[in-house]
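What follows draws every value from the coordinates through simple rules; no lab data is involved. Quick caveat, the model's predicted, so the values are computed rather than measured. Backbone-built Cβ (ideal geometry, glycine too); neighbour counts: all protein chains shown.
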Amino acid sequence: MHCAQPDRSTKLIQPTAVTVPRVAVLLQQIQKMPVRRLAQTIKLKPEYVEEYIKIHAAVWPSVLERIAKCNIHDYSIFYDEKSGILFASFKYTGDNYEADMQQMKDDPETLRWWEVTDKMQESQDGGKSSKEGQWWRELKEVFYVQ
């Protein structure tokens, strides 16, 4: 029985930065950046509980993309049925939080999303809307263990 010899004229591609998928490169960059953990709260109006939960089961892809572009990761929103409070928790991995949040406020699709969700919420700090003033209340971290 004769076995075919491998074609030795084909060169193996050596891994380089050019051949690594962009996602892997971004992941490496994120892992090197300092992580800032943030938590926020806001009141959810009782008449909107079901609708709020429903729309968050299918967040618009453009909004999810903007969140990622603004260096926000590991984002969760919890609902406390007793108090009617929404609790958001996320990690920020960028180097200019204020600039990234301004980019979010300037994004037309995010603004449309906020027009839908703002009517469902009530700021605990007297804010008028997500794009004007302090809407969600930022919380101080008092303990963390990894």
Measuring from its Cα centre, the range 98-146 shows a charge dipole (+1 at each Lys and Arg Cβ, -1 at each Asp and Glu Cβ) which, in debye to the nearest 20, is 160 debye
Taking a straight Cα-to-Cα line shorter than 27 Å from Lys131, and setting aside same-chain lysines fewer than 8 residues away, one finds Lys43, Lys45, Lys54, Lys69, Lys91, Lys105, Lys119, Lys140
If every Lys and Arg gets +1 and every Asp and Glu gets -1 at its Cβ, then about the Cα centre the range 35-138 yields a dipole, in debye to the nearest 20, of 120 debye
When the charge dipole of the range 35-138 is computed with +1 at the Cβ of Lys and Arg and -1 at the Cβ of Asp and Glu, the Cα pointing farthest to the positive end, of Gly94, Ser83, Asn71, is that of Ser83
Given 37 °C, 0.692 mPa s and a Kirkwood radius over Cα pairs, the Stokes-Einstein diffusion coefficient of the range 35-138 in µm²/s is 233 µm²/s
